[in-house]
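The values are calculated or read from the model by the stated rules, or taken from the named source; none is laboratory data. On a predicted model such as this, the values are computed, not experimentally measured, just so you know. We place every Cβ from the backbone using ideal geometry, glycine too, and count neighbours over all the protein chains shown.
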Amino acid sequence: MLKPEEYFAPLPPEDRDTEFIAVETRSFGRNVWDSFSKNRLALLGLVCLALIVLTALIGPLLTPYPYDGMDALARNQGSSAAHLFGTDQMGRDIFTRVLYGTRVSLMVGFASTALNLVIGVLYGGIAGYVGGRTDMIMMRIVDVIYAVPAMIYMILLMLIFGSNVYSVMLGICINGWVNMARIVRSQVMSLKEQEFAVAAFVIGADRRRILFRHLLLNCLGPVIVTVTLMIPQAIFTEAFLSFIGIGISAPMASLGTLAQDAKMLMNVYPMQMVWPVLMICIVIFSLNFIAEGLETALDPRGRRP
C-alpha cells in the first residue's frame, strides 16, 4: 500500500504558478469608464462639453467688452480682430454675448435638472417603495400635473414673476420631474422584491435605510441616463422661450435671447443668427452623445468586451 506522501508530492518552485490566472480587480466606476471611453462619440461629446463649460466660465473674463456694452460706431460689423464674431445692431460684441449666453443657458439647464432630479427621485422612490393607496394617490397627482401642457405653466409664471432666469427655471421644474419620478418608481417596485432588499429587511434595516442605501443606489443607471437627457431638453426649452420672446429678457443674454435679437436682421446679417444657434447645437449634441455612451456603459448587457 502506497503511503500518502507517495500520492501527493509538493510542486517544484518553478511550476507553482503555471496554472495561476491573474485577474485585475476593477471597481464599478472603472468598468463604466472603460466602456464609456471606447465610445468615440461619447468621448468627443464629453471633451466638447468640458471645453464649452470652461470657456463659458473664464471666457468673459478675458474679453475687453462687457456683455451689455454698446458702441454706436461699430454696429453690425463682421468678424474681425477686434470683434471675433462681429457686432450686433446695438454695437455689442457678439463673441462676449455668446459666452455669457452659454453660461446662462448652461446654468438654467444644470440647475433645473438638479431640482428635477431631487424631486423626481424622492417622489418616485417613496411612491414605489410604500405602494398601495399611497402610491395610487401620489401617481394620480402626477397624472394631473402631466395632463396640463408645460407651456401653460411657463407662460403663467412669466406673467406673475416676470421674464427672468428664475421664472424659466421654475417653469421647467413644475412638471419636468414627472418622468424622473415614473422611472424611479418602476425601478424601485421591481427592486424591492429582490433578495438583497428582503435580506436587508430581515436583518433589521429600517425602511429609510433600505430605500436610500439599497434601492435608490441600484437605480443610478437609468437615473443618470435620464439626467443627461434632461439637461439638453431644459436648455432647448429655455432657448425656445427666449426665441419667441417670453423667456429671459434683455439685457440679460442667453443663447435663445441672442437668436431672438438676430432674427430681425437674419436676411441682411445671417451670421448674427449662426453663432448662438451653432452653440446650442454643439451643446445639445454633446449631451446626447454623452447620454448614449452612459446608457451603454451602465448596462452590463451593452458593454463591449
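Below, the figures for the structure above:
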quantity: Restricting region 120-133 to residues that are farther than 19 Å from D206 by Cβ and among the small types (G, A, S), the residue that is surrounded by the fewest Cβ atoms within 10 Å (Cβ to Cβ); calculated: G120
quantity: Every residue from region 197-208 that is surrounded by 13 or more Cβ atoms within 10 Å (Cβ to Cβ) and farther than 15 Å from G128 by Cα; calculated: A200, F201, A205
quantity: Filtered residues of region 44-76 (kept if part of a helix (DSSP H, G or I) and either more than 31 Å from the chain's Cα centre (by Cα) or at pLDDT below 85 (or both)); calculated: G59, P60, L61, L62, A72, L73, A74
quantity: Candidate set: region 143-194, residues that are outside any helix (DSSP H, G or I) and either closer than 21 Å to L229 by Cα or not aliphatic (A, V, I, L, M) (or both); chosen: the one nearest to the chain's Cα centre (by Cα); calculated: W177
quantity: From G78, G91, G86, residue being exposed (fewer than 15 other Cβ atoms within 10 Å of the Cβ) and within 20 Å of V268 (Cβ to Cβ); calculated: G78
quantity: Residue check, S79 under 20 Å from the mean Cα position of the chain (by Cα) and touching a residue at least 24 places away in the same chain (Cβ under 8 Å); calculated: no
quantity: Condition broken by M136, with the remaining ones in (1) surrounded by 16 or more Cβ atoms within 10 Å (Cβ to Cβ); (2) farther than 30 Å from N164 by Cα; (3) of a type outside the set (K, R) satisfied; calculated: (1)
quantity: Inter-residue pairs, beta-carbon under 8 Å, first buried (at least 20 other Cβ atoms within 10 Å of the Cβ) and in region 219-233, second acidic (D, E), 6+ apart; calculated: V225/E295
quantity: Identity of the residue in region 103-142, over 15 Å from the mean Cα position of the chain (by Cα) and of a type in the set (S, T, Y), that ends up farthest from A56 (Cα to Cα); calculated: T134
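Here is a yes/no grid of residues against (1) buried (at least 24 other Cβ atoms within 10 Å of the Cβ); (2) at pLDDT 85 or above; (3) outside any helix (DSSP H, G or I):
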| residue | (1), (2), (3) |
| --- | --- |
| I235 | yes, yes, no |
| I248 | yes, no, yes |
| P251 | no, no, yes |
| G256 | yes, no, no |
| D261 | no, no, no |
| V274 | no, yes, no |
| M279 | no, yes, no |
